[in-house]
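Student: Quick one: the structure is below, and I'll ask about it shortly.
The values are calculated or read from the model by the stated rules, or taken from the named source; none is laboratory data. Because the structure is a prediction, the values reported are computed rather than measured. Methodologically, a virtual Cβ is constructed for each residue, glycine included, from the backbone with ideal geometry; neighbour enumeration extends over all protein chains shown. Accessible surface areas use protein heavy atoms only, side chains included; no ligands, DNA or RNA. Shrake-Rupley method; radii C 1.70, N 1.55, O 1.52, S 1.80 Å.
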Amino acid sequence: MTTHSPRIVDLSETQPNTRRGGDLRALLTPTAVGATSGFMGVAIIQPGEFIAEHYHPYSEEFVYIVNGLLEVDLDGEPHPLRPDQGLLIPKDLRHRFRNVGNVEARMVFHLGPLAPRPDLGHVDTEVNPAGAPAGGPPERSGAVS
């Protein structure tokens, strides 16, 4: 039984989140659409930018590369990613994404299941590109970290 009505969310309705680097946008979240099993969004990463290393103690992360060339470090080991490739990142695996190309990269991500509390969703293992500690998790707020 569905408890919420279907809802289309446009990227322009989301707020940029640059706390971990790149421009992360949560589109389908518990707050935005009533999701109960996870959340989905888009990462927009400019050439030379990166998303700081972190891991998810409760969630798997599903990633699909839409555009650009990325490199992902998985527990410190680099792996190339190109358009039309997907990646499953198991829970507790440290990961960092870098745009290694010369065009904007776009990556769709989904995390599930949700952590018991939003503050438990992400664990940062380095500071963000701006030099400040990275911010909190997006699971229930609609903002991505």
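Student: Looking at this structure, is LEU69 among the hydrophobic types (A, V, I, L, M, F, W, C), within 14 Å of the chain's Cα centre (by Cα) and open to solvent by 60 Å² or more (accessible area, probe 1.4 Å)?
Tutor: Details: among the hydrophobic types (A, V, I, L, M, F, W, C): yes; within 14 Å of the chain's Cα centre (by Cα): no; open to solvent by 60 Å² or more (accessible area, probe 1.4 Å): yes.
Judged against the criteria, LEU69 is not a match.
Student: For residues in the range 53-63 being of a type in the set (Phe, Trp, Tyr) and under 11 Å from the mean Cα position of the chain (by Cα), which is least open to solvent (accessible area, probe 1.4 Å)? Reasoning before the result, please.
Tutor: The initial filter retains those residues of the range 53-63 that are of a type in the set (Phe, Trp, Tyr), namely 55, 58, 62.
Narrowing further to those that are under 11 Å from the mean Cα position of the chain (by Cα): 55, 62.
Details: TYR55: 60, PHE62: 93 Å².
Once the filter is applied, the top-ranked residue is TYR55.
Student: Then there is this: Looking for something surrounded by fewer than 15 Cβ atoms within 10 Å (Cβ to Cβ), of a type in the set (Lys, Arg) and modelled with pLDDT of 90 or more - is there at least one such residue anywhere in the range 104-122?
Tutor: Within the range 104-122, none of the residues are surrounded by fewer than 15 Cβ atoms within 10 Å (Cβ to Cβ), of a type in the set (Lys, Arg) and modelled with pLDDT of 90 or more.
Student: For GLY76, are the conditions met, namely being more than 16 Å from HIS110 (Cβ to Cβ) and open to solvent by less than 10 Å² (accessible area, probe 1.4 Å)?
Tutor: For GLY76, the condition - more than 16 Å from HIS110 (Cβ to Cβ) and open to solvent by less than 10 Å² (accessible area, probe 1.4 Å) - is not met.
Student: Filter the range 1-52 down to the residues that are more than 22 Å from ARG106 (Cα to Cα) and of a type in the set (Gly, Ala, Ser), then identify the one that is surrounded by the fewest Cβ atoms within 10 Å (Cβ to Cβ).
Tutor: SER5
Student: Given (1) loosely packed, with under 14 Cβ neighbours inside 10 Å; (2) closer than 21 Å to VAL127 by Cα; (3) within 13 Å of the chain's Cα centre (by Cα), identify the lone condition not met by LEU88.
Tutor: (2) is the only condition that LEU88 fails.
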